[in-house]
Amino acid sequence: MPPWLRRFNIYGDFWRRYLALGVRYCPWFLEPVIIPAFTAFFYLLCAGQRRAVQGNLRALFPQDNLWSIHRRAYAVFLNFAWVLTDSAHQRSGDDVIDWEVAGQERLSQLGQLPGAAMIFTAHMGSYDLAAPLFVEKLQRRLHTVRAPERMAETQEFATQDQPAGNRIDDQFVVHYNTPGSMLAVELTKVLQAGEVLAVQGDRVMFDVSPMPVPFSQDYDWRLPKGPCVLAAVARCPIYPIFVMRVGWRRYRIEARPEFRWEDASPNRRDAQRDVEVWWSRCLRDVIETHWDQWFVFEPAFEKRALRDGGPPAK
Amino acid sequence: MKPEIPIHEESPAPTRLALSRLFFPQKTPPHTSEAESFLPAESRQDAREARWVARFMSVWTFAAIGVWWLHGARQMPVWQLLLHLIAWPVVWFLFVQGTVMACITLIVVPLLRTSLAEEQEKIKSLMQVACVVVLCLLATWIMTNGGWIGKGLGLAWWALIGAEFLAGFARPSTLQ
């Protein structure tokens, strides 16, 4: 495929640039007409992602019929489109997002902690959107981990125009999970330096190792192993914090109860298992409530029968 | 972003249309028990207004473009009519997109080369006016050529534009 044509690929920079242009000049009364229409377009176009979301929803709602699964999957796509649009507004300098904070005390606690801490989160809302708020609330440097964009042009667009040297830039550090980047070593150093590290522990991408965790009678879900291994090594406080879209240009930061190391096993391997079980419960609770904004476009579950090579457990 | 306040002190978000001011009494959205504090944006919009404008604009543009696109359907052979019906959502999508893109190309791009380039809000307002003009032209066309459905849709559009204009003069308490 010629390079110019690749830019129109769903991972290409064309759509990001088009969105950026749209949010700058599209009249406010046409924006909510265009976004759902575009969502429908991408819903039809992105067959792989659609099937993955439908598969994930089928694991969450096994009783649903085909129509309900389609309706729910479209809702996921639509929420994702609104999050991208809101992020593009923020990027273009429009201050249009209202924020609610839940779990204020836990956030203050995290801000005042003397040493390292980890934040476990999921692919919901947008950490880019929430970055200025986190910086304001925590008053300490926050490191996040992100998978790089699949295309160089998109990555370049995503990182360009970021104002350098401002407070957010200094306090919000993004580490890219690129092959051969020695990310684990880098992140261990971050925690050794006593800083806060936020990781998204719900999506297995590229060469990330999965850990199968039982989800239901028929399904195991595939969560990334890395965050739990890192947590078990560092044994630092872990806070589950989620960013959710709760309405029109309105988001919520929700800090849930932290993992208690006092109750965990002293053995590293067992402690890792304790973190895995705790995190899968936390995540399950959130995605069952906010299934329409769980932006995981890869299969997150695997049928137990497929893995074991036998019939599903009864 | 404005300073953080307790969530129960949240003020209602303003509306952009005079009509919404008349029909939607100012109220804060319902809060969930978990949220404790609130950080309002500089530029806010009432969610109910955003919702009703989205619904109205989606339904109206879809129907109006349908009237325009299916004009003369009675004379079409069945296969052609079927093709037109299938293409309707695509034409609607392209029309709405095309309107915005054409306005950007014809208004925004030339303006960005002038001294107005820094006046983002003025350019945005001009874009809004241009898109409303295009939709008014569509409403006029379907009123004259679209049969009774077109007349009804056109009248609904003009009634809304007229009501919005008049509502600008009314006091919010008039209709509440």
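The values are calculated or read from the model by the stated rules, or taken from the named source; none is laboratory data. Note that the structure is a prediction, hence the values are computed from the model and not measured. Here the Cβ is made from the backbone with ideal geometry for all residues, glycine too, and neighbour counts use every protein chain on show.
Tally time: how many residues in the stretch A:169-225 are without any contact (Cβ under 8 Å) to a residue 60 or more places away in the chain and touching a Pro at 6+ places or on another chain (Cβ under 6 Å)?
Within the stretch A:169-225, residues that are without any contact (Cβ under 8 Å) to a residue 60 or more places away in the chain and touching a Pro at 6+ places or on another chain (Cβ under 6 Å) number 3.
Quick one: is B:ARG74 among the charged types (D, E, K, R), modelled with pLDDT under 90 and either crowded, with 18+ Cβ neighbours inside 10 Å or over 19 Å from the mean Cα position of the chain (by Cα) (or both)?
Values: among the charged types (D, E, K, R): yes; modelled with pLDDT under 90: yes; either crowded, with 18+ Cβ neighbours inside 10 Å or over 19 Å from the mean Cα position of the chain (by Cα) (or both): yes.
When the stated conditions are applied, B:ARG74 passes them.
If you scan the stretch A:226-284, which residues turn out to be of a type outside the set (Lys, Arg), closer than 21 Å to A:GLN109 by Cβ and within 14 Å of another protein chain (Cβ to nearest Cβ)?
Across the stretch A:226-284, the qualifying residues are A:PRO240, A:ILE241, A:PHE242, A:VAL243, A:MET244, A:ILE253, A:GLU254, A:ALA255, A:PRO257.
Give the residues of the stretch A:115-131 that are within 24 Å of A:TRP278 (Cα to Cα) and either modelled with pLDDT under 90 or in contact with a Cys (Cβ under 8 Å, 6 or more places away or on another chain) (or both), sorted by residue number.
Selection gives A:GLY115, A:ALA116, A:ALA117, A:MET118, A:PHE120, A:GLY125, A:SER126, A:TYR127.
Scan the stretch A:287-313 for residues that are of a type in the set (Gly, Ala, Ser) and at pLDDT 65 or above and jot them down.
Scanning the stretch A:287-313 gives A:ALA300, A:ALA305.
A:ASP95 passes all but one of (1) part of a loop (DSSP other than H, G, I, E, B); (2) more than 14 Å from chain B (Cβ to nearest Cβ); (3) acidic (Asp, Glu); which number fails?
(2)
Among residues belonging to the stretch A:4-42 that are touching a Leu at 6+ places or on another chain (Cβ under 8 Å) and among the hydrophobic types (A, V, I, L, M, F, W, C), point out the one that is farthest from A:PHE157 (Cα to Cα).
Ranking the qualifying residues of the stretch A:4-42, first place goes to A:ILE35.
Pick out the one residue from A:GLN112, A:GLN104 that is more than 18 Å from B:ALA54 (Cβ to Cβ), at pLDDT below 95 and within 14 Å of chain B (Cβ to nearest Cβ).
Going through A:GLN112, A:GLN104 in turn, the sole match is A:GLN104.
Select, from B:VAL96, B:VAL109, the only residue that is within 12 Å of another protein chain (Cβ to nearest Cβ) and surrounded by 12 or more Cβ atoms within 10 Å (Cβ to Cβ).
On inspection, the qualifying residue turns out to be B:VAL96.
Select from the stretch A:143-162 the residues that are among the hydrophobic types (A, V, I, L, M, F, W, C) and in a loop (DSSP other than H, G, I, E, B) and write down the one among them that is surrounded by the fewest Cβ atoms within 10 Å (Cβ to Cβ).
A:ALA147
Which ones in the stretch B:1-56 are more than 10 Å from chain A (Cβ to nearest Cβ) and closer than 21 Å to B:PHE169 by Cα?
Within the stretch B:1-56, B:PRO14, B:THR15, B:ALA18, B:LEU19, B:SER20, B:ARG21, B:LEU22, B:PHE23, B:PHE24, B:PRO25, B:GLN26 meet the criteria.
Could you tell me whether any residue of the stretch B:2-9 is touching a strand residue (DSSP E or B) at 6+ places or on another chain (Cβ under 9 Å) and under 13 Å from A:TRP248 (Cβ atoms)?
No: zero hits.
Residues A:TYR74, A:TYR25, A:TYR43: which one is away from chain B (no Cβ under 14 Å), among the hydroxyl-bearing types (Ser, Thr, Tyr) and crowded, with 16+ Cβ neighbours inside 10 Å?
From the options A:TYR74, A:TYR25, A:TYR43, the qualifying one is A:TYR74.
Restricting attention to the stretch A:8-43, which residues are without any contact (Cβ under 8 Å) to a residue 12 or more places away in the chain and either outside any helix (DSSP H, G or I) or not hydrophobic (A, V, I, L, M, F, W, C) (or both)?
Across the stretch A:8-43, the qualifying residues are A:PHE8, A:TYR18, A:TYR25, A:CYS26, A:PRO27, A:TRP28, A:PHE29, A:LEU30, A:PRO32.
Check A:ARG140 against each of (1) assigned to a loop (DSSP other than H, G, I, E, B); (2) within 14 Å of chain B (Cβ to nearest Cβ); (3) charged (D, E, K, R) and name the one condition it does not meet.
Unmet for A:ARG140, out of (1) assigned to a loop (DSSP other than H, G, I, E, B); (2) within 14 Å of chain B (Cβ to nearest Cβ); (3) charged (D, E, K, R): (2).
Quickly run through the stretch A:225-248 and pick out the residues that are modelled with pLDDT of 90 or more, within 19 Å of A:ALA117 (Cα to Cα) and outside any helix (DSSP H, G or I).
A:ARG235, A:CYS236, A:PRO237, A:ILE238, A:TYR239, A:PRO240, A:ILE241, A:PHE242, A:VAL243
Would you say A:LEU5 is part of a helix (DSSP H, G or I), buried (at least 18 other Cβ atoms within 10 Å of the Cβ) and more than 11 Å from chain B (Cβ to nearest Cβ)?
No.
Just for the stretch B:80-93: of the residues that are farther than 22 Å from B:ILE161 by Cβ and at the interface with chain A (Cβ under 10 Å from one of its Cβ atoms), which one is surrounded by the most Cβ atoms within 10 Å (Cβ to Cβ)? Reasoning before the result, please.
First, pick out the residues of the stretch B:80-93 that are farther than 22 Å from B:ILE161 by Cβ: B:80-91, B:93.
With at the interface with chain A (Cβ under 10 Å from one of its Cβ atoms) added as a condition, the list becomes B:89-90, B:93.
Values: B:PRO89: 15, B:VAL90: 12, B:PHE93: 19.
So, considering only residues that are farther than 22 Å from B:ILE161 by Cβ and at the interface with chain A (Cβ under 10 Å from one of its Cβ atoms), the one surrounded by the most Cβ atoms within 10 Å (Cβ to Cβ) is B:PHE93.
Looking for something within 13 Å of chain A (Cβ to nearest Cβ) and free of Cβ contacts under 8 Å to residues at least 24 places away in the same chain - is there at least one such residue anywhere in the stretch B:147-155?
So in the stretch B:147-155, the residues within 13 Å of chain A (Cβ to nearest Cβ) come out as none.
No, the stretch B:147-155 has no match at all.
Taking A:ASN79 as meeting all but one of (1) touching a Cys at 6+ places or on another chain (Cβ under 6 Å); (2) part of a helix (DSSP H, G or I); (3) not hydroxyl-bearing (Ser, Thr, Tyr), write down the number of the exception.
Of (1) touching a Cys at 6+ places or on another chain (Cβ under 6 Å); (2) part of a helix (DSSP H, G or I); (3) not hydroxyl-bearing (Ser, Thr, Tyr), only one is false for A:ASN79: (1).
Out of curiosity, is B:VAL67 among the β-branched types (Val, Ile, Thr), at the interface with chain A (Cβ under 10 Å from one of its Cβ atoms) and assigned to a helix (DSSP H, G or I)? If you could, list the steps in order and put the result at the bottom.
On the way: among the β-branched types (Val, Ile, Thr): yes; at the interface with chain A (Cβ under 10 Å from one of its Cβ atoms): no; assigned to a helix (DSSP H, G or I): yes.
Criteria not met by B:VAL67.
Among the residues of the stretch A:260-292 satisfying the criterion of being of a type in the set (A, V, I, L, M, F, W, C) and over 16 Å from the mean Cα position of the chain (by Cα), which is farthest from A:PHE215 (Cα to Cα)?
Among those residues, the one meeting the criterion is A:TRP261.
Tell me the residue from B:ARG21, B:ARG74 that is assigned to a helix (DSSP H, G or I), among the basic types (Lys, Arg) and closer than 21 Å to A:VAL96 by Cα, please.
Just a single option satisfies the conditions, and that option is B:ARG21.
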